[in-house]
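Below you'll find the structure, written out as structure tokens, and then a few comments.
The values are calculated or read from the model by the stated rules, or taken from the named source; none is laboratory data. In this text the structure is predicted, and so the values were computed from the model without any measurement. FYI the Cβ positions are ideal-geometry reconstructions off the backbone, even for glycines, and counts take in every protein chain you see.
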């Protein structure tokens with residue numbers, strides 16, 4: 001009886017080992033094949049679907065490009081090309097998550113849309129603690145339009161159903177804060193011309209990035225497709241962590257042109 005029990009235990013252990021080996025071998029053979037297939041499939045989607053499909057690739061996890069992409073030579077000229085293209089863009093949408101983290105914290109979501117001469121900025125509350133009261137007051141949760149009228153720029157604001165308008169020159173700090181989320185000012189291109197930047201390409205999208213102290217987690221990345229920025233992450237330290245994460249799109253951009261008189 002004891003011998004049969006020992007034999008049964010050995011068979012079970014052998015079965016477990018066999019199963020583990022099978023899983024390991026299958027993953028090593030088909031796992032890499034599957035990853036390569038999906039990377040190629042994503043590349044095909046980008047080539048067929050253009051920018052909209054490239055945007056979905058750009059929103060992959062922070063380490064996806066290093067795991068699935070191929071390493072390519074990094075050239076300063078590539079960053080110059082993206083910076084030049086950025087200055088030419090006047091129709092785009094940016095979805096931004098901003099975090100200020102110290103002894104207290106602020107998390108907020110911002111949508112910045114520019115359609116030629118009309119800028120729309122939507123500031124949505126996430127979560128904040130009392131320590132960041134000044135920043136919250138400087139950029140209240142609301143929907144803003146920046147438009148030209150009567151020979152100067154105006155900021156139109158709508159919050160809780162209430163509308164108001166002010167000349168940009170009268171609220172210079174708020175006006176400048178709103179514009180700081182625009183495509184030309186939110187990306188720090190100089191940061192991508194420093195040592196330690198690597199470049200990976202996957203599904204026709206390129207990522208220029210460096211690693212922070214945490215392995216496989218970027219302190220900074222810029223993803224681009226055909227010299228147009230698609231994804232951006234930057235973490236700075238000003239005595240607190242200041243994190244900006246943004247994703248860019250060039251379709252479905254606001255085309256509403258509000259009237260100044262409706263806000264006065």
Looking at region 108-119, is at least one residue touching a residue at least 24 places away in the same chain (Cβ under 8 Å) and touching a helix residue (DSSP H, G or I) at 6+ places or on another chain (Cβ under 6 Å)?
no
Give the residue that is modelled with the highest pLDDT, with candidates limited to residues of region 44-63 that are assigned to a helix (DSSP H, G or I) and surrounded by fewer than 18 Cβ atoms within 10 Å (Cβ to Cβ).
56
Filter result (more than 30 Å from residue 77 (Cα to Cα) and either within 21 Å of the chain's Cα centre (by Cα) or not in a loop (DSSP other than H, G, I, E, B) (or both)) within region 253-264
254, 260, 261, 262
Set 165, 172, 246: member being at pLDDT 90 or above, part of a strand (DSSP E or B) and over 17 Å from the mean Cα position of the chain (by Cα)
165
Just one of (1) farther than 30 Å from residue 152 by Cβ; (2) surrounded by 11 or more Cβ atoms within 10 Å (Cβ to Cβ); (3) modelled with pLDDT of 90 or more; (4) in contact with a strand residue (DSSP E or B) (Cβ under 8 Å, 6 or more places away or on another chain) trips up residue 91, so point out which.
(1)
Which one is nearest to residue 83 (Cα to Cα) among residues in region 222-242 that are surrounded by fewer than 16 Cβ atoms within 10 Å (Cβ to Cβ) and touching a strand residue (DSSP E or B) at 6+ places or on another chain (Cβ under 6 Å)?
236
Does region 196-215 hold any residues that are assigned to a loop (DSSP other than H, G, I, E, B) and either at pLDDT 80 or above or in contact with a helix residue (DSSP H, G or I) (Cβ under 7 Å, 6 or more places away or on another chain) (or both), and which are they?
196, 197, 203, 204
